[in-house]
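One structure is given below, encoded as structure tokens.
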Amino acid sequence: MYIYAERDERWDMRWQQLFADLQAQFDAAEEAEAQAEWASRARAEMGAVRFADRLGGSTGERVTVTCRGAGPVTGVLVDLGVDWLLLGDERGRDQLVALAAVRSAAGLGRWTAPVQEEGPVRARLDLRRALRGLARDRSPVQVVLDDGSVLTGTIDRVGADYLEVAEHPADEPRRSGAVRQVSAVVIGAVAVVRTLLPGWD
């Protein structure tokens, strides 16, 4: 009897150990599957993030964007549109940057702005509308093109796919006697538009 009882206890212990091992393997496999699913979901979510959304997470922060034709442009990210971003520099100038001209961004925080649907109103607040706001303001600006050329003057008007810049010295108001020439520029060629401050630029 004693031998059978001892054998039964060992038999029970083996089964318990086997079940414990199986449970541990099952738990480990379940944890690995959950980790893989989480990683896959994170990759899929990250795959839906646009560059503008990534930049939007740094609103209010100092960033540097490197632009085709303009090089590095640094400032506090003030606002972001569907195809533009607005940086404020240390001198108080606004710098309207065409997203199409941006090649890279540095100084971004860890956060990403929530992905936003482009509704009809948001879609209409594009670079062309922002340029029209500058034209209404009549402030002197510096328009940097994607080939590196720079036009200084006042934006006279903005068409469907172009803008006209009355070129004149930054320290003079737009008067017919001060205007050297009027240049029509394709909006797609605009990299950065900076507002100019009297006495600074």
**Asked** On the given criteria, is R194 closer than 22 Å to D89 by Cα, outside any loop (DSSP other than H, G, I, E, B) and not aromatic (F, W, Y)?
**Response** yes
**Prompt:** Which of the residues belonging to segment 89-105 are small (G, A, S) and within 15 Å of A70 (Cβ to Cβ)?
**Reply:** A98, A100, A101, S104, A105
**Prompt:** For segment 154-179, how many residues meet the condition of being in contact with a Gly (Cβ under 8 Å, 6 or more places away or on another chain) and not aliphatic (A, V, I, L, M)?
**Reply:** 5
**Residue that is surrounded by the fewest Cβ atoms within 10 Å (Cβ to Cβ), among those in segment 159-201 that are aliphatic (A, V, I, L, M) and over 26 Å from the mean Cα position of the chain (by Cα)** = A184
**Hey, V102 surrounded by 18 or more Cβ atoms within 10 Å (Cβ to Cβ), in the same structural domain as D147 (by TED's automatic domain parsing), β-branched (V, I, T) and modelled with pLDDT of 95 or more or not** = yes
**Asked** Restricting the search to segment 29-51, which residues are at pLDDT below 85 and within 30 Å of G92 (Cβ to Cβ)?
**Response** R50
**Asked** Can you name the condition, by its number, that D156 falls short on among (1) closer than 26 Å to P173 by Cβ; (2) surrounded by 16 or more Cβ atoms within 10 Å (Cβ to Cβ); (3) at pLDDT below 95?
**Response** (3)
**Prompt:** In segment 70-85, what count of residues is obtained for those that are surrounded by fewer than 17 Cβ atoms within 10 Å (Cβ to Cβ) and either closer than 17 Å to R194 by Cβ or of a type in the set (K, R) (or both)?
**Reply:** 6
**Request:** Only one of these is in a loop (DSSP other than H, G, I, E, B), more than 13 Å from the chain's Cα centre (by Cα) and either within 18 Å of V193 (Cα to Cα) or of a type in the set (K, R) (or both): G133, G92. Name it.
**Result:** G92
**Of the criteria (1) farther than 21 Å from G57 by Cβ; (2) loosely packed, with under 11 Cβ neighbours inside 10 Å; (3) at pLDDT 95 or above, which one L131 fails** = (2)
**Request:** Go through the residues of segment 106-121 one by one and say whether even a single one is over 11 Å from V192 (Cα atoms), surrounded by fewer than 19 Cβ atoms within 10 Å (Cβ to Cβ) and at pLDDT 95 or above.
**Result:** yes
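The values are calculated or read from the model by the stated rules, or taken from the named source; none is laboratory data. Computed from a predicted structure; not experimentally measured. Every residue, glycine among them, receives a Cβ derived from its backbone with ideal geometry; neighbour counts consider all protein chains shown.
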